[in-house]
Amino acid sequence: IKVSYRVDCCIIAAGVHIIQHGTMRFGCSKGLTRSTQFLPALLLSLLRTTSAFPIEITTRRGAIQRTAASVVTIATNMSSNTQSNDSIGWGIVGLGDVCQTKSGPPFWKCNGSELVAVMRRTPGKAEEFAANVPGGKCVGYQDIEEFLQHPGLDAVYVSTRPGTHLEICQKVAKAGKACYVEKPVGRCADETKEIVKLFRESGMPLYTAYISRAYEKTHAIKRLMREGAIGDRVSKVLYKVIGNGGARDMDGDLPWRLDAEQSGGGLIMDVGCHVIDRIEYLCGPLQNIIGEAANRNSPGVAVEDYVHFTADIGTASWTALSNNEGATVECTWDFASTESPYDELQFIGPKGSLRMKGSPSDPIRVHDAKGGFVRQLEFEMPEHTGQALVQAVTDDLRGGDKNDFLSFGENAIRTQIVLDTVLSSYYGGRKQGYWTRMNTWPGSPRE
């Protein structure tokens, strides 16, 4: 692919092979600006450091010194790097439960990915985790500043609790690293927007860990829709869960997932956000949201345990079917109910429906327009449920094929806006800091 390097009105063509990416813009009176929306972080790092590509940037009138030999040299170097060692050097901050099986091992198992550093403040824990990473090259750190200076570190997975994401992401963005951050990205929409802004201003990519987009099961839903299993559109989406929705690490007097300062709210923030993002990915953005949140059965807990909302679906270019506008959505989470556990997601169209549980391995049941059973699709539980999305993110950073299920800051913001809209009345607003004024939450049970 031929790429143009443009400085004001001066365009110099360079035969550098950059997969799937467009132009880079250099030079202005304020110094270097870059369109990294189309530029792999790997190439950006190379251009910053290579002596084979001398660039002198002064003012708009400043001269840009390039020679044909420079262009050939960098193209040759990039080709050599691509063939021999083009893996992304990943680091992880956190190392909690989510990293043990779900999302940690993929960083050394995915093609083109190498886990080079990990960080956790608890003494000895990072070193212990690093010692179990194959290859013996991973290094453990207790200090995040030292971690971010690790040689060969290209991108960082932030796997800590949501209440720490903003502070950590500020450091990651300042260090000039790409970032993959756990969901929910922030405790509220304002905090999520601030994190997205950090990486937009730093020019580094931000990916978000809405891993259910990458499930084989999600791909199958999309395929069935396109094949006409429910008709030419989605007319209704229904979801209901009774029970904890598969939430992990719920032991102790007050699990962190029920502490708004750490999680942003109740279990809806941890398990509900996945469902909302999946519906939006498959069907389109949610709008006209009307909902309620309450604490029905959790005395001694300040956050909500029940959430219900209705919404309409808007238009979008990314959906499985193109004419879903006006379809209705109704979702209910009853986390502390005394009723028997229940979990069902339904996509309903004029010719049938798709019915399933929320997990990646439970089957999809296809029904006709009258509710009659047609067939069932089975799925195996992935060894690491986060691996498919980690692979897609790694491929994108390397400049490879861009998967349509990649998750970015924009869809994280949309999901958080839905949650804030539904939870706002319970918390008396969802502006940053609401988690510190627990005694003012209108919905919280009073002792």
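The values are calculated or read from the model by the stated rules, or taken from the named source; none is laboratory data. Everything numeric here is computed off the predicted structure, so don't read it as measured data. When we count neighbours, we look across all protein chains shown, and the Cβ atoms used for this are built from the backbone with ideal geometry, even at glycine. Only protein heavy atoms, including side chains, enter the accessible area calculation; ligands, DNA and RNA are left aside. Shrake-Rupley method; radii C 1.70, N 1.55, O 1.52, S 1.80 Å.
Anything in the range 392-426 that is of a type in the set (D, E, K, R) and open to solvent by less than 30 Å² (accessible area, probe 1.4 Å)? List them, or say none.
396, 420
Pairs only if they're at least six apart or on different chains, beta carbon under 7 angstrom, first in the range 421-447 and basic (Lys, Arg), second open to solvent by less than 20 Å² (accessible area, probe 1.4 Å) and in a loop (DSSP other than H, G, I, E, B); list them, first residue then second.
Pairs found: 430/188.
Which residue pairs have Cβ atoms under 7 Å apart, sit 6 or more places apart or on different chains, and have a first residue in the range 323-351 that is over 18 Å from residue 286 (Cβ atoms) and a second that is assigned to a strand (DSSP E or B) and of a type in the set (D, E, K, R)?
So the pair list comes out as 342/240; 344/240; 344/355.
Might you let me know whether the range 290-301 holds any residue that is closer than 18 Å to residue 241 by Cβ, out of contact with any Leu (no Cβ under 6 Å at 6 or more places or on another chain), open to solvent by less than 20 Å² (accessible area, probe 1.4 Å) and modelled with pLDDT of 95 or more?
no
How about the range 258-275: which of its residues are within 24 Å of residue 357 (Cβ to Cβ), touching a Phe, Trp or Tyr at 6+ places or on another chain (Cβ under 9 Å) and either outside any helix (DSSP H, G or I) or of a type in the set (A, V, I, L, M, F, W, C) (or both)?
Answer for the range 258-275, where residues must be within 24 Å of residue 357 (Cβ to Cβ), touching a Phe, Trp or Tyr at 6+ places or on another chain (Cβ under 9 Å) and either outside any helix (DSSP H, G or I) or of a type in the set (A, V, I, L, M, F, W, C) (or both): 265, 266, 267, 268, 271, 273, 275.
How about the range 106-209: which helices (runs of 4 or more DSSP H) wholly inside it have at least 1 residues that are more than 20 Å from the chain's Cα centre (by Cα)?
Filter on the range 106-209 gives 125-131, 144-148.
With 325, 339, 344 as the choices, which residue is part of a strand (DSSP E or B) and among the charged types (D, E, K, R)?
Numbers: 325 fails: part of a strand (DSSP E or B); 339 fails: part of a strand (DSSP E or B).
Going through 325, 339, 344 in turn, the sole match is 344.
Test residue 161 against the criterion of being open to solvent by 10 Å² or more (accessible area, probe 1.4 Å) and out of contact with any Phe, Trp or Tyr (no Cβ under 7 Å at 6 or more places or on another chain), and give yes or no.
Against the criterion (open to solvent by 10 Å² or more (accessible area, probe 1.4 Å) and out of contact with any Phe, Trp or Tyr (no Cβ under 7 Å at 6 or more places or on another chain)), residue 161 does not qualify.
Only one of these conditions is not met by residue 386: (1) small (Gly, Ala, Ser); (2) on the phi < 0 side of the Ramachandran plot; (3) out of contact with any Ser or Thr (no Cβ under 8 Å at 6 or more places or on another chain); (4) buried (at least 19 other Cβ atoms within 10 Å of the Cβ). Which number is it?
(3)
In this structure, does residue 429 turn out to be open to solvent by less than 70 Å² (accessible area, probe 1.4 Å) and on the phi > 0 side of the Ramachandran plot?
Against the criterion (open to solvent by less than 70 Å² (accessible area, probe 1.4 Å) and on the phi > 0 side of the Ramachandran plot), residue 429 qualifies.
Can you report the number of residues in the range 360-383 which are surrounded by fewer than 16 Cβ atoms within 10 Å (Cβ to Cβ) and either part of a loop (DSSP other than H, G, I, E, B) or hydrophobic (A, V, I, L, M, F, W, C) (or both)?
Within the range 360-383, residues that are surrounded by fewer than 16 Cβ atoms within 10 Å (Cβ to Cβ) and either part of a loop (DSSP other than H, G, I, E, B) or hydrophobic (A, V, I, L, M, F, W, C) (or both) number 12.
So is residue 154 among the acidic types (Asp, Glu), closer than 28 Å to residue 272 by Cβ and open to solvent by 30 Å² or more (accessible area, probe 1.4 Å) or not?
Answer is no for this residue.
Could you tell me whether the range 321-343 includes any residue that is touching a helix residue (DSSP H, G or I) at 6+ places or on another chain (Cβ under 6 Å), surrounded by 20 or more Cβ atoms within 10 Å (Cβ to Cβ), over 17 Å from residue 183 (Cβ atoms) and not hydrophobic (A, V, I, L, M, F, W, C)?
Within the range 321-343 (the criterion being touching a helix residue (DSSP H, G or I) at 6+ places or on another chain (Cβ under 6 Å), surrounded by 20 or more Cβ atoms within 10 Å (Cβ to Cβ), over 17 Å from residue 183 (Cβ atoms) and not hydrophobic (A, V, I, L, M, F, W, C)), the answer is yes, since at least one residue qualifies.
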